[in-house]
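The structure appears below as structure tokens.
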Amino acid sequence: MSDSLPDRLSTNPKSPHYNEDLLKRGIGIRFKGQEKTNVDEYCVSEGWIRVAAGTARDRNGNPLTILLKGPVEPYLRDDAE
């Protein structure tokens, strides 16, 4: 597998941007210069991340998410160690 990360990645298996192999390797996200550990989805080219909004759930039991805009820097966690 190459070390290049996709422009967009999601942790939701129902999403077309889900990649289980890449998520198993470990992805880290820096958003506005801070490390984020609760990111559900990101897009580098559009500059946003989607994070869970507390413990709120929708009618199907999925967590409600908030879209935050700013510079996104994904990286592989095994490279940082």
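Kindly state which strands (runs of 3 or more DSSP E) lie completely within the range 1-76 and contain at least 3 residues that are over 10 Å from the mean Cα position of the chain (by Cα) and at pLDDT 95 or above. Write out each step before concluding.
Numbers: elements: 8-10, 27-31, 34-36, 39-43, 48-57, 63-69, 72-76.
Fully inside the range 1-76 and qualifying: 63-69.
Sub-6 Å Cβ pairs linking a first residue in the range 36-56 that is touching a residue at least 12 places away in the same chain (Cβ under 8 Å) to a second residue that is acidic (D, E) and surrounded by 11 or more Cβ atoms within 10 Å (Cβ to Cβ), at least 6 apart or interchain, are V44/D7; S45/D7; R50/D40; R50/E41, ordered by first then second residue. I want to confirm something. Restricting to the range 1-35 and keeping residues that are surrounded by 13 or more Cβ atoms within 10 Å (Cβ to Cβ) and free of Cβ contacts under 8 Å to residues at least 24 places away in the same chain, which single residue is farthest from Y75 (Cα to Cα)? So, considering only residues that are surrounded by 13 or more Cβ atoms within 10 Å (Cβ to Cβ) and free of Cβ contacts under 8 Å to residues at least 24 places away in the same chain, the one farthest from Y75 (Cα to Cα) is Y18. Total residues in the range 68-81 satisfying the condition of being surrounded by 11 or more Cβ atoms within 10 Å (Cβ to Cβ) and free of Cβ contacts under 8 Å to residues at least 24 places away in the same chain: the figure is 1.
The values are calculated or read from the model by the stated rules, or taken from the named source; none is laboratory data. Predicted, not measured: the structure shown is a model, and the values here were computed from it. Neighbour counts are summed over all protein chains in view; Cβ atoms, including those assigned to glycine, are modelled from backbone coordinates with ideal geometry.
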